[in-house]
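See structure below.
The values are calculated or read from the model by the stated rules, or taken from the named source; none is laboratory data. Here the structure is a predicted model, which is why all the values come from computation and not from measurement. Neighbour counts are summed over all protein chains in view; Cβ atoms, including those assigned to glycine, are modelled from backbone coordinates with ideal geometry.
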Amino acid sequence: MTSNPPIQADYLRLSVAPMMDWTDSHCRVFHRLLAPHARLYSEMVHANAVIHGDRARLLAMDPVEHPVALQLGGSDPALLAQAARIGAERGFDEINLNCGCPSDRVQAGRFGACLMREPVLVAESVAAMIDAVPAHVPVTVKCRLGVDDDHDYDRFAAFIDAIADAGCGMFVVHARNAWLQGLSPKENREVPPLRYDWAYRLKRERPGLVVLVNGGIADADEATAHLEHVDGAMLGRAAYHDPYLLHVLEHRWFGTPLRTRGELLRALRPYVEAQLAGGVYLKHIVRHLLGLFAGQHGGRAFRQVLSEGAHRPGADWRLVEKALSLTEREPRQPLQVAGGAA
Ligand SMILES: Cc1cc2nc3c(=O)[nH]c(=O)nc-3n(C[C@H](O)[C@H](O)[C@H](O)COP(=O)(O)O)c2cc1C
């Protein structure tokens with residue numbers, strides 16, 4: 001029988017979703033700064049790419065990111081096991097299997113959401129992955145409720161049970177179906193209706209499993225409400241587009257003192273400068289920062305200055321300071337006293 005190491009509850013409540021092209025290492029370092037207790041996820045990397053590809057790039061990870069999960073795509077148990085072992089050796093704290101991605105490219109390769117219809121194969125894959133990694137590294141699954149017109153809770157629960165029997169103790173439930181025909185991946189994150197109650201019921205009926213809920217969580221109050229029912233809330237787009245939300249949740253849930261957006265940004269400076277010194281272009285980092293002042297005074301100007309200036313040769317921290325200065329209100333003028341001397 002396979003093992004299923006427990007994860008400290010403090011690192012389950014808040015997590016940032018795996019998002020391809022978005023949650024790269026620079027992004028995760030920034031999110032870590034905002035939310036020291038968040039669980040972070042890599043972009044999905046296919047098992048084949050981990051085995052044969054440019055690992056230094058695909059599995060790039062900074063030590064400050066912990067706890068951080070590597071998300072794998074694939075459906076070949078032996079390849080997934082090999083990729084999981086490599087991920088664990090690289091220091092990832094969790095290996096997560098993607099059973100939720102609906103894109104055509106993914107379906108052609110028979111992985112992602114179409115695996116919701118292949119519980120036996122997923123169970124075999126998970127068992128192989130668990131056997132391949134050290135006992136302290138949990139293997140987890142991110143899934144949907146079903147695909148296309150599966151609307152049967154029992155079918156969803158049977159999928160979970162098959163994988164739990166293989167040793168997986170934690171599930172991230174993106175609480176909607178995936179439509180495998182006719183919807184783009186983007187539409188697949190909007191169109192099928194959310195049914196959080198399925199995730200809640202799963203947790204109620206199987207309290208021994210760790211269940212995180214994901215999908216459409218827009219603000220701190222919504223995220224907080226989910227904690228009444230499940231072990232954690234995973235935020236994707238809201239966290240990316242308005243990253244200060246992560247800091248607000250960190251403060252609310254863990255009591256971490258609230259810092260201003262400017263303070264947090266300036267705390268990133270040593271990282272940015274070290275990266276620039278190592279040959280990374282500023283644009284690769286600042287693209288993840290653009291939403292920091294979303295909805296705030298100067299937020300649009302901040303975004304504009306960074307997105308226009310970061311591409312220019314030689315762009316460095318001074319650009320970030322310039323953008324930041326646009327968000328800082330003018331110092332108050334001393335009160336003008338009308339009239340002259342009496
Ligand atoms: C740009 C983008 C890329 C994504 N890439 C992945 C991925 O690599 N793996 C995955 O499991 N989900 C991926 N997703 C789905 C998210 O992890 C999440 O399940 C989905 O966006 C719903 O959560 P949200 O409403 O909080 O954004 C992606 C979503 C977006 C917006």
(message) Every residue in region 22-46 that is within 15 Å of the ligand (Cβ to nearest atom), of a type in the set (A, V, I, L, M, F, W, C) and not in a strand (DSSP E or B), please.
(response) W22, C27, A35, A38
(message) One residue is enough: does region 77-92 have a residue meeting the conditions farther than 24 Å from Y271 by Cα, modelled with pLDDT under 95, loosely packed, with under 15 Cβ neighbours inside 10 Å and not aromatic (F, W, Y)?
(response) no
(message) Only one of V64, V122 is among the hydrophobic types (A, V, I, L, M, F, W, C) and surrounded by fewer than 21 Cβ atoms within 10 Å (Cβ to Cβ). Can you tell me which?
(response) V64
(message) Exactly one of these conditions fails for P257: (1) away from the ligand (no atom under 15 Å from the Cβ); (2) without any contact (Cβ under 8 Å) to a residue 60 or more places away in the chain; (3) touching a helix residue (DSSP H, G or I) at 6+ places or on another chain (Cβ under 6 Å). Give me its number.
(response) (3)
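Within the bounds of region 259-266, is there any residue that is of a type outside the set (S, T, N, Q) and within 21 Å of K186 (Cα to Cα)? Step through it out loud before you land on a result.
In the first step, residues of region 259-266 are kept if they are of a type outside the set (S, T, N, Q); the result is 259, 261-266.
When the remaining residues are screened for being within 21 Å of K186 (Cα to Cα), the result is none.
Scanning region 259-266 turns up no residue that is of a type outside the set (S, T, N, Q) and within 21 Å of K186 (Cα to Cα).
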(request) Just give me the residues in region 260-279 being exposed (fewer than 14 other Cβ atoms within 10 Å of the Cβ) and in contact (Cβ under 8 Å) with a residue 40 or more places away in the chain, in sequence order. (result) A267, R269, E273
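So that you can scan it fast, the table gives a plain yes or no per residue for (1) hydroxyl-bearing (S, T, Y); (2) under 29 Å from L194 (Cβ atoms); (3) not in a helix (DSSP H, G or I):
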site	(1), (2), (3)
M61	no, no, yes
L70	no, yes, yes
S75	yes, yes, yes
A84	no, no, no
A88	no, no, no
N96	no, yes, yes
(request) For M19, state whether it is surrounded by 18 or more Cβ atoms within 10 Å (Cβ to Cβ), more than 21 Å from D219 (Cα to Cα) and either at pLDDT below 95 or in the same structural domain as L249 (by TED's automatic domain parsing) (or both). (result) no
(message) Kindly evaluate A49 against the criterion of being assigned to a helix (DSSP H, G or I) and within 13 Å of the ligand (Cβ to nearest atom).
(response) yes
(request) Identify all residues within region 238-247 that are within 16 Å of the ligand (Cβ to nearest atom), buried (at least 17 other Cβ atoms within 10 Å of the Cβ) and not hydroxyl-bearing (S, T, Y); write none if there are none. (result) A238, A239, D242, P243, L245, L246
